[in-house]
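The values are calculated or read from the model by the stated rules, or taken from the named source; none is laboratory data. Predicted model, so just to flag it, every value in this text is computed and none were measured. Backbone-built Cβ (ideal geometry, glycine too); neighbour counts: all protein chains shown.
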Amino acid sequence: MLDIRMPIAAMFTALGALLTVYGLITFTNKEMYERSLGVNMNLWWGLVMIAFGAIMYWIARRGKATMHSADDSVEGRRTEEREHESGMERKDRPRH
């Protein structure tokens, strides 16, 4: 199962890398950064996005899947029993 944090981490890291490279390329263009008081916002926000992507990747790698089997809860067992009694149970799943 794909954890949603992995694509988020990849997206932020990739966009952060692009923004950082653009900030490095335009580092000497002082006119471009006059509105931000001379601060290279592309570079700094690119680094922030890379850091956020790395944190999301780290959380995704150490996190556990939250999906549980239906047999692990009382509600899940009741649902399985109702599906079995009404004939809605999937045929490819072995019955315990």
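Summary table
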{"quantity": "Residue selected from segment 23-43 under the condition outside any loop (DSSP other than H, G, I, E, B) and touching a helix residue (DSSP H, G or I) at 6+ places or on another chain (Cβ under 8 Å), by the criterion surrounded by the most Cβ atoms within 10 Å (Cβ to Cβ)", "calculated": "42"}
{"quantity": "Lone unmet requirement of (1) surrounded by 14 or more Cβ atoms within 10 Å (Cβ to Cβ); (2) modelled with pLDDT under 95 for residue 47", "calculated": "(2)"}
